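Rule-based calculations on the coordinates, nothing more; no lab input. In this text, all values refer to a predicted model and were calculated from it rather than measured experimentally. Cβ sites come from the backbone with ideal geometry, for glycine too, and all protein chains shown count toward neighbours.
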Amino acid sequence: MQRQYAFFILLLSILISCKPTMSQMSSIDDKVDQLLQKMTLEEKIGQMNQYSSFYDITGPAPKDGSAKTRYDQVKSGQVGSMLNVLGTEQIRKLQQIAVEESRLGIPLIFGYDVIHGYKTLTPIPLAETASWDLEAIEMSARNAAKEAAAAGINWTFAPMVDISRDARWGRVMEGAGEDTYLGCRVAEARVRGFQGDDLNSTSSIAATAKHFAGYGFAESGKDYNTADVGLSTLYNVILPPFKAAMDAGVRTFMNSFNELNGIPATGDVFLQRDILKGEWGFDGFVVSDWGSITEMQDHGYAANGREASKLAAIAGSDMDMESSLYVEHLKDLVESGDVDETLINDAARRILKVKYELGLFDDPYKYCDASREKSIIGNDEMLAGSLEMALKSIVLLKNENGVLPLAKSGKNIAVIGQLANDKNSPLGNWRGHVDANTAISVLEGLQSHSTNTYTYEQGVKLFDGEESFIRHINVNTTDDSGIDEAVAAAKGSDVVIMVLGEHGYMSGEGRSRANINLPGFQQELLERVHSVNENIILVLMNGRPLALDWADKNINTIVEAWHLGSRSGDAIAQVLFGDYNPSGKLPVTFPRDVNQVPLYYNYKNTGRPGPIEMVFWSHYSDQSNDPLYPFGYGLSYTTFEYSNLNVAESSDGLRVSVTLSNTGKYTGEEVVQCYIRDKFASVTRPVKELKGFKKLGLEAGESQEVVINLSKADLSFYNNQGKLIFEPGEFEIMVGGNSADVLVETIEMK
Ligand code: GLC
């Protein structure tokens, strides 16, 4: 017996040592191919079909109506994905139907808009970008992924990487601002954060680069409007953040509602086949935006739903979000020869591949752990992360007379403005699954971080009626009662903190504004309070740049606090009291007036840059060309000085060095920004372009050499054939703490 046992152990150890390595196990591609061979045409088309949550499956499954049809389609394998189904209980129930009741048991992939947090909200993406802290931005996305994955979500429709130069566009809040280089770095950080190191992990979710492409260039800043851009803008401004997201490993793209140069993006072969899947070699899948396939009829590009399905499938839109047109028409289109089945196979393959990468075939219920959901969502780690991101996102715009930091005791302070006591607006738009009215308000933050005496007055009502995700906020433009009470409170106060700006739902999708002033009676309120007490600290709560010319001229202290998410009031208080020295820098230009828009820092010089005595140069007769606050601008409680700019050729480009000195009284962080100008080129180049930055902290009195290395690629540009080229010649290299105040050196590049 003993000898047999020994032989068995020997044999077992030999077998184990021969276990196939990972690479010998059939790869995901092999598994996908094997599965595809078993699938019917309808089942492959089913993978290309995505529905939004159509019923509450915690209750009995619907017995009638479209929900019943859709429920049956899940059972028959004609649904590949669902969105807006939330929580492990609901998701598990739907997954069970797909996995245990359909013929092949292919798991669904569950998507959701986790834009700046799932349940614990961080600042809106534009605000996070204002931190210029890529590690913090990555961590913010990481936490959002952990919470969303704990709730059963496998896939987020983020990051939105649309560059925009138009403050009127509501969705400027959702992206990384006006600059391509910063947009690329933030896109990479967010993709890394959402997807983590291992997409198979239950704390990772697939990410989406959206909206491909040109959505942020909607004419006149009107959402969904026509985008018509030249190839140079397309290649040099719009596309790079998408390419950066892809190179960072993003697994899905979402196309955009707009037409680009006459072709709806959803049906654009040039964008999705030639560039994305062809030249770039993207191997994930493209989901349409909500109904964008059917909307090609409204665009005047498809005569009917069948035509729209054909055009979208041929153009490489792999999954149909909520048009229901693929399940309706694709089978017939294939059988009639209008759409080649290879396109269906390719789309289904891409979708199945991502599902395999997420581990959904190994364990379709891996994201449905109710105990993990309970322990992760809203926990201290999430709340601490939200506060840290909020602190870093705040931008100090003005602090004359050094009113800030504020004392924590002994002061009699009037707090004025409905937004000061608002626990909802700070959550911003695209607020995931957060409960309404759960943000820490400014008033709460002030009270919990200090012992000053506070008197709150609403001043004026900013909006009437209920707050709505699907309707415009009804801004109050008729009732200015309350100003007198606010003025009275301000009169006797040492300091007045005024919180003014936009409701959280005044920016975001479908919320473009033709006017970007302070909405409602807030400007009147500000001026009336100022008339009795000039010691005002203006805290802005907004989702886009606002036109603040009067405020800049008359208010000594202005803080840009955006919509900062769940810990908003804590972060604002900690900055006002100096517990945190503000370090944010604007990712968007703030115009003086909406009529300057689109206004951005990296503009072209034109043939008549002026200024000259006569009128014949590029300018307005009634407004400056200059912004109120430039891209990259932000102050600190301390001061920084730049000196010794040195530019030298390196093996691969340029070595740029500068001495940064903290010349103030506080430890603080600064974002050292490096811009270039390619003076003469075969395609005109902007007067300056951000090509590198470093955020670093210095003690009061400390100096440090900061080095930024620029590669030849950083000095290159895309020509109108989409080719990245470097052209020797004269370059200006600029370094500073914002895009306007820079040291300049010129160098001749060979
Ligand atoms: C919306 C948005 C898109 C979002 C999708 C799902 O219309 O344009 O960004 O991801 O529908 O909610």
*Which angle between 0 and 90 degrees, to the nearest 10, do you get for helix 28-38 versus the longest principal axis of the chain when only C-alpha atoms count?*
50 degrees
*Output ³J(HN,Hα) for segment 478-490: one whole-Hz value per residue in order, computed from phi by the Karplus curve 6.51 cos²θ - 1.76 cosθ + 1.60 with θ = phi - 60°, and x for Gly and Pro.*
10, 10, 9, 5, x, 5, 4, 4, 5, 4, 5, 5, 6
*For the chain, what is the calculated [θ] at 222 nm in deg cm²/dmol (nearest 500), taking -39500 (n - 2.57) for each run of four or more DSSP H residues and dividing by its residue count?*
-8000 deg cm²/dmol
_Antiparallel content of DSSP bridges confined to the chain, in %, to 5_ = 55 percent
*Once the Cα atoms of helix 341-357 and of the chain are each reduced to a long axis, what angle between those two axes, in degrees from 0 to 90 to the nearest 10, is obtained?*
70 degrees
*Can you tell me the dipole magnitude for segment 640-749 around its Cα centre, using point charges on the Cβ only (Lys, Arg +1; Asp, Glu -1), in Debye to the nearest 20?*
360 debye
_Just to confirm a number: summing +1 for Lys and Arg and -1 for Asp and Glu over residues other than I473 whose beta-carbon lies under 9 angstrom from that of I473, what do you get?_
-1
*Estimated FRET transfer efficiency when R0 is 56 angstrom, pair K411-S624 (beta carbons, to 0.05)*: 0.90
*Under 29 Å Cα-Cα from K461, which lysines qualify once same-chain neighbours fewer than 8 residues away are excluded?*
K119, K222, K398, K408, K411, K423, K491, K553
*In nanometres, what is the gap between the two model label sites at S27 and F680, each 7 Å from Cα along Cα-to-Cβ?*
5.0 nm
*With a/c under 1.5 counting as rounded, go ahead and sort segment 405-596 into rounded, prolate or oblate using the C-alpha gyration tensor (a ≥ b ≥ c being the square roots of the eigenvalues; past the cut-off, prolate if a/b is larger than b/c, else oblate).*
rounded
*asked:* How much of the DSSP bridge set in segment 405-596 is antiparallel, in percent, rounded to the nearest 5?
replied: 10 percent
*Treating the angle as unsigned and between 0 and 90°, give the value, to the nearest 10°, between the Cα long axis of helix 65-75 and the longest Cα principal axis of the chain.*
60 degrees
*Could you calculate the contour length gain from S375 to T453, that is, 0.36 nm times the residue separation minus the distance between their Cα atoms, to one decimal place in nm?*
24.3 nm
*asked:* Spelling out what I want: for every residue of segment 577-584, take phi, set θ = phi - 60°, compute 6.51 cos²θ - 1.76 cosθ + 1.60 (Karplus), and round to whole Hz; glycine and proline get x.
replied: 8, x, 5, 9, 7, x, 9, x
*Do the alpha carbons of any pairs in K392/K712; K679/K750; K243/K355; K665/K694; K604/K691 sit beyond 24 Å of each other, and which pairs?*
K392/K712
